[in-house]
Amino acid sequence: MYTNFFSLSELPFSIAPDPKYLFMSERHREALTHLTHGLGSSSVSSNGGFVLLTGEVGTGKTTVSRCLMADLPENTQLAFILNPTLSSQELLATICDQLKIRYRKIGATLKTLTDKISEKLLKNHVNDINTLLIIDEAQHLEPQVLEQLRLLTNLETNTKKLLQVILIGQPELQQLLKRRDLRQLAQRITARYHLLPLDKPELALYIKHRLSVADCHRALFNKNALAAIHQLSQGIPRLINLICHSALMEAYNSNNAVVDKKIVYKAAYNALGDDFLPMPWWQHKNIQIALAASTLFVVLMAGFWLGKKEQVLVGISGVGNSEVAKTELVHSPLPEKTAQQEISVNAEPPKVQQIEKNKVPEEIVTPLHSNNTVTTPITTRFSNKEPEQKIVSVEKNTDFTYQAKVDDNYQITAVAGVSDDLLARVQAAINETQEQSVLTKKSAVNNSVASDIPSLPQMPTWVQNGVPNLHFEQHIYASDGQGWVNVNGRDRYQGDMITPELQLREILPQKIILKYRGEVFSLPALTNW
């Protein structure tokens, strides 16, 4: 392998949930804190019941749980279930096996298994032993199995639950617990946390941490390679490990001491397949919208120009050598001549009055001769002005030119010679581009707000003492501002008043912005105050 080539003591990017490789980012640290807080301690024994940890596939939920299990006190008996696709009876039998409870394998019923587990929980309580059940991939649990778990937690004393349960699963678990028939279990969840992927700075620290654990203290990935890894993995640790392992293998095979962007893309294709590779620039939605809008704009301008040219030039016709040529102008006809008005051949042609001052128009004068007389010359002037941005309306000038005008609000209005359907499609493309720009700017602002606003412990004493008790049980962030948090048992949205003096100003991915008597401060997404 590549360990000797890069001076590594072991493979640093294994996907096994090894606790020593756990990178305690701010999000992982918060997740571990919430699990510990939900379980309680010897000094805070009133907590218990259910604790919920959710996150996307590969964000490090199992690794966090392994780290928690490694730090459990000695007076804790643990039952850990990895495969929850069980019936109610099978789940109770698995719990008995994990807690080393003896029971009759043949003919065991739900009542028999429940009684055995209850006896064990009471015995552990008498011996001052805490009993903990951790279920991974809990989104696969059937509703009736979850209800059976809730019934097990009914066994309690005046001060604590005799069984504590940690449910670890994907975001689908949150949706499952919103079922009406599971509302009793949802109300017993004492701590919730949703683990998000790593951002770019955390990804660089994550890779550096895993390399240092493997005794490598130099940078094996350059800046462009780190950016490519974040783009391909979207900050999910499991995908980061797969890409980095494949990239080091590729660098070893090509005898490169440092991994660059080109190696990362090739390694990602080998490890993940072409489904995870970035799309070419012309396949991105924003680029396609811009190209479509540009094409429609070009078609619109071409149709407008051709229509104007036809209107200016059409209408000139000759009748014969013996007849006087007649002229007809489509736009603003010239004043009619008086009867019998003629101009001799040797006379100077009439001058065309210049309309715009300080500008010399290009004039095309075409006298038509017939029987020693000429008619009034056809004088036209073509404007060379390029259209600005996009055409939204057209007005006819007095000198046969058209002026393109721009609406500052980017609203398309009717254009002569262009169908309403084409204008509507152009307007829709513009609106969609503007919406994408607004969402991008809002996301950038949200990322910088959390670092600019002080936290509640940094606020003056009168603010800290005045803010009432707050218990945040659930946090759902949405980039469109429709996220919500559960505060003191009630769902709150941005702008809601928690108390007459305390307002929920904004919900960020990992923080909540509050306002108390004119003072703005932040709190972690899930916390107790």
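Here are some notes:
- All distinct Cα pairs of the stretch 200-278 go into the 1/r average, and the inverse of that average, the Kirkwood radius, is 12.2 Å.
- The largest-to-smallest principal axis extents of the Cα set in the stretch 45-169 are 39, 31, 23 Å.
- If R0 is taken as 56 Å, the Cβ-Cβ distance between Arg505 and Leu306 corresponds to a FRET efficiency of 0.50.
- Counting 0.36 nm for each residue step from Ser87 to Asn222 and taking away their Cα separation leaves a gain of 43.6 nm.
- Its relative contact order, with pairs defined as Cα atoms under 8 Å and 6+ residues apart, puts the stretch 453-524 at 26 percent.
- Two-site label geometry, Ser118 and Arg102: point separation in nm, points 7 Å out along Cα→Cβ: 2.2
- Exposure proxy ranking, count of Cβ atoms within 10 Å, fewest first, for Val463, Val165, Val145: Val463, Val145, Val165
- Estimated from the Cβ-Cβ distance and a Förster radius of 51 angstrom, the FRET efficiency linking Asn4 and Asn75 is about 0.70.
- For the stretch 117-211, projected area of the alpha-carbon convex hull averaged over all directions, nm²: 8.9
- With only Cα atoms counted, the stretch 453-524 has Rg and Dmax values of 11.4, 34 Å.
- Residues Glu250, Glu172, Glu519 in ascending order of nearby Cβ atoms (within 10 Å, fewest first): Glu172, Glu519, Glu250.
- Three principal axis lengths of the stretch 152-296 [C-alpha, angstrom, descending]: 65, 57, 24
- Here Arg102, Arg192, Arg218 are placed in order of increasing Cβ neighbour count within 10 Å, fewest first, which gives Arg102, Arg218, Arg192.
- Between Thr295 and Asp18, the simple spin-label model (points 7 angstrom out along Cα→Cβ) gives 5.2 nm.
- All Cα pairs of the stretch 166-238, percent lying beyond 18 Å: 56
- One chain, two ends: Leu422 and Lys262. Fully extended at 0.36 nm per residue, the span grows by 53.3 nm beyond their Cα-Cα distance.
- Here each label is just a point 7 Å from Cα along the line to Cβ, and for Leu11 and Ile476 those points are 4.0 nm apart.
No value in this document is a laboratory result; all are computed from the given coordinates. Predicted model, so just to flag it, every value in this text is computed and none were measured. Cβ: placed from backbone, ideal geometry, glycine included. Neighbour counts: every protein chain shown.
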